[in-house]
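Notes follow the structure.
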């Protein structure tokens, strides 16, 4: 059994770039007590298994793509069964700084039992831009850019880099596997906040990360671009979140206009426009119908 205050890292993989995955694992291993890769039926799973055999990591291999939420829950369950009391959730394309976990652990220790999760400052691997932490507001969110040494309360954290004590997951519940891939982090954070838990962003815990397939530059800034398959789940899941009791009304009120702008932009401006339009329409339809799971039209 693992010792108290031990951390298990859970990395979900799906057709990963092996060089990127190797860099992630090599950065994580010195910082955690154990590392599990949960693979969602990657075509290159044998390469992943061969790589794992050269490191002190374990693999949970799924025969089908079960989605991010279900894979995270598998990792959380095995970490719990092995006696670990914290999990570090990671995407396959993130790269933590060498002291990221120590900084997050320090913040969790200082925060007490009411703290559900601590997350790092995300640096876009393509631009070097540091993403702000967010408190939900209306009509606009409050973007927080803490100075070095600061830890700030926020309303949600993205999955990758989150350090979570298992007692918080036991009280709040597992990740929502029905959402499959998008907004899983939002939904869990909304649930945590609704139950009186806090979430914090740690300025000195750094991690490089990529969101979206590519960036699209436009007047006034840049947009994160996803393909039609992801646009389906993004649109569907935001509608599903509108229906959840734990979703803050302020988030819904300011997300509806954002969804409209995204719908117009991806169907009129961003290629492939017709495929984007069809995917988003299906997502809106299935969200209104309450359908969950993978995209039924995915190849």
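Values in this text are rule-based calculations from the coordinates and carry no lab data. All of these numbers come straight from a predicted model, not from anything done at the bench. Backbone-built Cβ (ideal geometry, glycine too); neighbour counts: all protein chains shown.
A few points about this structure:
- Extension gain for the segment residue 17 to residue 281, taken as residue separation times 0.36 nm less the Cα-Cα distance, is 91.9 nm to one decimal.
- Across the chain, Cα pairs under 8 Å and at least six residues apart give a relative contact order of 18 percent.
- Each of 76, 57 was scored by other Cβ atoms within 10 Å of its Cβ. Arranged with the fewest first, they read 57, 76.
- Size descriptor for region 83-153, Kirkwood hydrodynamic radius: 14.1 Å (Cα pairs only, one decimal).
- Counting only DSSP beta bridges with both residues in the chain, the antiparallel share comes to about 45 percent.
- Under the Debye formula (equal points on every Cα, no solvent term), log10 I(q)/I(0) of region 1-132 at q = 0.12, 0.13, 0.14 Å⁻¹: -0.47, -0.55, -0.64
- The chain, helix-only ellipticity at 222 nm - DSSP H runs n ≥ 4, -39,500 (n - 2.57), divided by all residues, nearest 500: -12500 deg cm²/dmol
- Inter-probe distance in nm under a simple model that places probes 7 Å from Cα toward Cβ, at residue 135 and residue 47: 4.5 nm
- Over 28 Å [Cα-Cα, region 153-299], rounded percent: 23 percent
- Size of the chain from its Cα atoms: along the principal axes, largest to smallest, the extents are 53, 42, 35 Å.
- Per residue, the convex hull spanned by the alpha carbons of region 214-289 comes to 89 Å³.
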